[in-house]
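What follows is a single structure, written as structure tokens, with notes after it.
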Amino acid sequence: MKKIEKLEMVGISKHFHTTRANHNVSFSIESGEIVGLLGENGAGKTTLMNILYSLIQADQGEIRINGETVRLHSPRDAIQRGIGMVHQHFMLVENHTVAENIALGFEGAPFFYPARYVAKKIEDFSRRYGLKVNTQEKIWQLSAGEQQRVEIVMALLRGADLLILDEPTSVLTPQESEELFSILRRMAGEGHSVVFISHKLEEVLSICDRVLVLRNGEVVGASSVEDIDKRKLARMMVGRDIIFNLEKEHIERGPLILEVKGLTVPGDRIEKAVKGVSFKIYQNEIFGIAGVSGNGQHELIEAITGLRKASGGSILINGKEIINTSARAVCNQGISHVPEERIKFGIVPNLSIYENAVLKQHHNKRFSKTLFLNYQSIKSHAEGIVRDFRITAPSINTPVKNLSGGNIQKLILGREITDEPSLLVAAHPTYGLDVSATEYIRTQLLKRRGKGVAVLLVSEDLEEIFELSDRIAVMFEGEIMGILTARTANIEEIGLMMTGSRL
Ligand SMILES: Nc1ncnc2c1ncn2[C@@H]1O[C@H](COP(=O)(O)OP(=O)(O)OP(=O)(O)O)[C@@H](O)[C@H]1O
Ligand SMILES: [Mg+2]
């Protein structure tokens, strides 16, 4: 089949019941281009690209390849025409190896030992692009960045001329993002084209040639990246100015809330992911942990929130030992948790917004009357979250699986931070969120701090760490390299500690 030189989507409209996801959207991309597709959570980006990939069909409009109208009935058709897509949420089979995943649905793989055949292909391919993937590992053993790479290799191996990446970097480390960008540049140089969806405006400006902005399902702007900057882009997306640097008021910290002493925690692949870590967090304080992910932050948080057994040390919350109890027991001590893998662990997709709004809290007195749930109070609680966090949804009865990615994130954040816990553990609280939701969440975290909550913030976004934290700890290979006061810390110092120098 002829290579895609130019692809156009013309007058695309799509409704889901009463929701207008796309309205008369036109979009085009040529060979060698990287085009950014931007817009607030729920603006219609994923829908538009799902239509192109033919996961769903448009109500109206058409797709043209090299000037000719084409009818694509399924992703299989799209793949055959040279369109590949890496989804916002991974679709890999957890218990299969990398090679087995890629072999699934790989045209031309032999009937017998398809994985072996594919493994060989992948190795040739990785050598050519410098994309490292170990074909024999199981998906569940991989970090998000590694899974991402598998999905990209899979799309490219199937021969994608046009690659759609739906928020590819929201879970990548800065190094992994850089790696991805050099691959994308190289692909564009070879005449592939890329549609890049992201909320990280700096990234979009650095990797894309031009951008298209959607709002409420409609195109509201387009520009080449030379003619636009971060502020203008944000204004185009949300229709108002965004504050990129929040004011943090000075507050005296209160009494000790969390004390971690000599904590050691095993990892999935190694014996000690956290090696004898100690720190304290006080009331009215945001304690930020910076570091490249994969250096023990994940295991540290799981141990504190009761999701993983520790092998040594102590975790005191308000003076009470909680190490190796249970997630429920930890929750009852007043610890809230915004988990890293929110879609996987934070929600039940088939349940409604209001049911998800009280997950894990249904035993709370506010929501139950003797043996029965108090639906009145659950629903008004849910409506409060939807209102405050500006979640776009037809109603609180909508199943969560019908929400856009960012709106699901907002719901989980809303649920975990509307109450005032003693300690709020927040892992990467703004990834996947649009600029105005990010501004809102950060403001909320500062507000909770003002009200006496102790916050443990883990983020790879140094800008976020600096903006919010009172003190900053840096983790490297399971240890804390040092703890700095945010007011006097500088970014170079933190950067060095992130690569293993001690304070
Ligand atoms: N299967 C579905 N059923 C019902 N509504 C849907 C469905 N898929 C998407 N929607 C709605 O369509 C709108 C657009 O969603 P879409 O996922 O395209 O947004 P998005 O721009 O990708 O947002 P995000 O940045 O949060 O990922 C949203 O209001 C969403 O709730
Ligand atoms: Mg999306």
Kindly provide the Kirkwood hydrodynamic radius of segment 172-325 in Å, to one decimal, from all pairs of distinct alpha carbon atoms. 19.7
Out of all Cα-Cα pairs in segment 402-466, roughly what percent, to the nearest whole number, are more than 20 Å apart? 22
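Using helices alone, I'd like the mean residue ellipticity at 222 nm for the chain: each DSSP H run of four-plus residues gives -39500 (n - 2.57), total over residue count, nearest 500.
Dividing the helical sum by the residues of the chain leaves -9500 deg cm²/dmol.
Which of the residue pairs LYS45/LYS275; LYS2/LYS45; LYS132/LYS275 have a Cα-Cα distance greater than 31 Å in the structure shown? Display every interim value, and only then the final one.
On the way: LYS45/LYS275 42 Å; LYS2/LYS45 27 Å; LYS132/LYS275 28 Å.
Long pairs (Cα-Cα over 31 Å): LYS45/LYS275.
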Expressed in nm to one decimal, what extension gain is obtained for the pair ARG502 and ILE56 from 0.36 nm per residue of sequence separation less their Cα-Cα distance? 155.4 nm
Listed highest first by mean packing, meaning other Cβ atoms within 10 Å per residue, what order do 296-308, 481-493 come in? 296-308, 481-493
State the dimensionless ratio Rg/Rh of segment 341-420 (Rg: radius of gyration of Cα atoms; Rh: Kirkwood radius). 0.94
If eta is 1.002 mPa s and T is 20 °C, what Stokes-Einstein diffusion coefficient results for segment 464-503, Kirkwood Rh from Cα pairs, in µm²/s? 214
At q = 0.24, 0.33 Å⁻¹, base-10 log of I(q)/I(0) for segment 265-305 (Debye sum, equal scatterers on each alpha carbon): -0.89, -1.28
Any idea of LYS3's accessible area? Nearest 10 Å², probe 1.4 Å. 70
With a 1.4 Å probe and all protein chains in place, put ARG442, ARG128, ARG116 in order of accessible area, largest first. ARG116, ARG128, ARG442
The rounded separation in angstrom of the Cα centers of segment 189-227 and segment 310-354 is 38
Two pseudo-spin positions, 7 Å from Cα along C-beta at SER74 and at SER126, lie apart in nanometres by 3.1
For segment 152-158, 3J(HN,Hα) per residue [Karplus equation, 6.51 cos²θ - 1.76 cosθ + 1.60, θ = phi - 60°, Hz, x = Gly/Pro]: 5, 4, 4, 5, 6, 4, 6
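Determine, from the Cβ-Cβ distance of HIS17 and LYS447 and an R0 of 30 Å, the FRET efficiency 1/(1 + (r/R0)^6), rounded to the nearest 0.05.
0.30
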With x for Gly and Pro, the residue-by-residue ³J(HN,Hα) of segment 458-473, computed from phi through the Karplus equation 6.51 cos²θ - 1.76 cosθ + 1.60 at θ = phi - 60° and given in whole Hz, is 10, 8, 9, 8, 5, 4, 5, 4, 5, 5, 9, 7, 8, 10, 10, 10
Solvent-accessible ranking of HIS96, HIS87, largest area first, probe 1.4 Å: HIS96, HIS87
Proximal lysines to LYS248, defined as alpha-carbon separation beneath 24 angstrom and excluding residues fewer than eight positions away on the same chain: LYS200, LYS230, LYS280, LYS410, LYS447, LYS451
Note the direction-averaged projected area, equal to a quarter of the hull surface, for the Cα convex hull of segment 223-269, in nm². 8.9
The chain: relative contact order from alpha carbon pairs under 8 Å, six or more residues apart, as a whole percent, is 15
Would you compute the Debye intensity of segment 173-218 from its alpha-carbon atoms alone, equal scatterers and no solvent, and pass along log10 I(q)/I(0) at q = 0.20, 0.23 Å⁻¹ to two decimals? -0.72, -0.89
Using a cut-off of under 16 Å, list every residue of segment 21-44 whose amide N is near the label point 7 Å from the Cα of ASN66 along the Cα-to-beta-carbon line. 29-32
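Evaluate the relative contact order of segment 341-420 (contact order divided by residue number), counting alpha-carbon pairs under 8 angstrom at least 6 apart; express in whole percent.
RCO, segment 341-420: 40 percent.
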Please turn the phi angles of segment 259-271 into ³J(HN,Hα) values with the Karplus equation 6.51 cos²θ - 1.76 cosθ + 1.60 (θ = phi - 60°), one per residue in order, whole Hz, x for glycine and proline. 10, 10, 10, x, 6, 10, 9, x, x, 6, 10, 10, 5
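For segment 6-238, compute Rh as the Kirkwood radius over C-alpha pairs and then the Stokes-Einstein diffusion coefficient at 4 °C and 1.567 mPa s; write the answer in µm²/s, rounded to an integer.
71
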Which of the three applies to segment 359-503, rounded, prolate or oblate, going by the alpha-carbon gyration tensor with a ≥ b ≥ c and a/c under 1.5 meaning rounded? prolate
The chain - convex hull of the alpha-carbon atoms, volume per residue in Å³: 159
Please compute the contact order of segment 148-217 in relative form: average sequence separation of alpha-carbon pairs under 8 Å and at least six residues apart, divided by the residue count, as a percent. 36
Distance between the C-alpha centers of segment 1-57 and segment 394-471? Whole Å please. 29
What percent antiparallel are the DSSP beta bridges of the chain, to the nearest 5? 55
Give me the extension gain from GLU226 to LYS401: residue separation times 0.36 nm, minus the current Cα-Cα distance, reported in nm with one decimal. 59.3 nm
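The values are calculated or read from the model by the stated rules, or taken from the named source; none is laboratory data. Bear in mind that the values here come from a model prediction, so they are computed numbers and not experimental data. Don't worry about glycine lacking a Cβ; one is built from the backbone with ideal geometry, like all the others, and counts go over all protein chains shown. Just the protein is used for accessible areas: all its heavy atoms, side chains included, with ligands, DNA and RNA removed. Shrake-Rupley method; radii C 1.70, N 1.55, O 1.52, S 1.80 Å.
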